[in-house]
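Peer 1: One structure, pasted below without further comment.
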Amino acid sequence: MARMRFPGAGLSIPLLLLLLLLAVGCRAEIRNVWIKADSRPLIVFERFGFGGRGRVEISASDLLLHSTSSKETSPPDLAQMGFFLTTEADLVQVLLDAERHASDFCVLKNSQNQVRVLFLLNQVKSNYTNVFDVADTNEYGLFFANCQPHIRVSMKVRTSMYNVDANGRKNFLPFGQTELPALYSIFALGYMVVVGLWGYVCYKQKPNVHKVHVLMLVLVVLKAVNLLAQAVDLEFTKKTGTPHGWDVVFYLFSFLRGVMVFTVIILIGTGWSILKPFLQENEKKVLMIVIPLQVLANIAAIVIDETGPSTRDWITWKQLLLLVDIVCCCAVLFPIVWSIKHLRQASRSDGKAARTLVKLTLFRQFYIIVVSYIYFTRIVVFALTAASDFKYRWMAACAREAATLAFYIFTGYKFRPAERNPYISLEEEEDEEEALQEALKDDDFEL
């Protein structure tokens, strides 16, 4: 029987490397996966960091094989299908070897030095369960290889990867991420302090509090609860391998926080309730685009977390989440640019150039900080995650949360309710606001 052509040419190598990088964010839970009539040559299950006393538990049952070729009469060779562990560097070497021997290559047979074969399907009868020790400190990916392209595999798989401490306790979080529950708890406490300070400022400046200030308070509360739920979720996962329902709480507040953060940025960028009491039609359209996209993004995030990379459509959902996030990040910049454009025009025509230029400077600062925040949390943090050693991967999460907290504090400080705030309320400057409203109505803000 001719062996399969192992993916090594064309887009296969970049795709597999992308899978490995994207799998960094997978939840380290006990997973029950049902593979249904799957002919993929390589299936990624998990990526896990081991600390020297690691274990991999795998159970496979209800094995069923289907041939996709009516011409193939010989029985499938179960020795050419199985599970293996490998590091990212070794997988790259495997792919390079596959390039050179593409017509007759099977990772389970030809790459013994680069992969650790756990078991082959010829060892699976009705049910197979085994525990494998991982004695070295390294990050491994768990894969299933099918070296027979005409065979579709169906089976139930249960995977569990964990480290064992000196007292024999299991730790289901990857080595390098065990600090995350404590980290998120600390940041949740920090946001609670911010909530208290913001509430105090709003109370002391009650006559100058606008609707957007209330929404900013709600956003910080949602962020604090979201981090607290994430910390509890990961703590239960760390000890038991399952979140015990806290993932539902985490998803709920992630959704609310995700919608609220983009909404607040857009409203601040438009000057709503502070500079003007209404939204222009184009500003409403931005909100009507961003809010449904955030709903879609949160659905994609839930699917990604709950299914894992072994699902066929996992990479599609991951790409969809990335695309939606990019669209939302670009959309929130438009209202800020429109406000800057309007203020430039107003500074030449309203007779109050000095006062308007103060507002213009504030909007320019806000634009720069929003762009910096988006760039850092989306690009720099991803690069830090991909480039850092797995033992220090928690530092990427720390950098992201620290940048987010700094962004919230900067925005709150610049747009805090204050008597001498650069913004001028309707009641204080009605004549200026009338001229401003007239200018807004006549301006299409086309970029």
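Peer 1: What would the Debye equation give as log₁₀ I(q)/I(0) for segment 31-171 at q = 0.19 Å⁻¹, counting only Cα atoms as equal point scatterers?
Peer 2: Computed log10 I(q)/I(0) values: -1.17.
Peer 1: Turning to a different aspect of this structure: Projected area of segment 207-247, taken from the Cα convex hull and averaged over every viewing direction, in nm²?
Peer 2: Mean orientational projected area (segment 207-247, Cα hull): 3.2 nm².
Peer 1: Please report, in whole Å, how far the alpha carbons of segment 177-424 spread along each principal axis, starting with the longest.
Peer 2: Principal extents (largest minus smallest coordinate, Cα): 65, 38, 30 Å.
Peer 1: How much net charge surrounds Asn167 when only the other residues with a Cβ under 14 Å from the Cβ of Asn167 are counted, with Lys and Arg +1 and Asp and Glu -1?
Peer 2: Result for the neighbourhood of Asn167: +3.
Peer 1: While we're on this one: Just report the Cα centroid separation between segment 177-244 and segment 255-325, whole Å.
Peer 2: 20 Å
Peer 1: Using the heavy atoms of the protein chains alone and a 1.4 angstrom probe, what is the accessible area of segment 177-424 per residue in square angstrom?
Peer 2: Per residue, segment 177-424 has 47 Å² of solvent-accessible surface.
Peer 1: Cross-link list Lys170/Lys238; Lys36/Lys109; Lys170/Lys318; Lys211/Lys414; Lys359/Lys414; Lys125/Lys170: which exceed 18 angstrom alpha carbon to alpha carbon?
Peer 2: Lys36/Lys109; Lys170/Lys318; Lys125/Lys170
Peer 1: For segment 31-171, report the accessible area per residue in Å² (1.4 Å probe, heavy atoms, rounded to an integer).
Peer 2: 45 Å²
The values are calculated or read from the model by the stated rules, or taken from the named source; none is laboratory data. Computed from a predicted structure; not experimentally measured. Note that we place each Cβ from the backbone using ideal geometry, even for glycine, and neighbour counts take in every protein chain shown. In case anyone asks, the SASA skips ligands and DNA or RNA and just uses the protein heavy atoms, side chains included. Shrake-Rupley method; radii C 1.70, N 1.55, O 1.52, S 1.80 Å.
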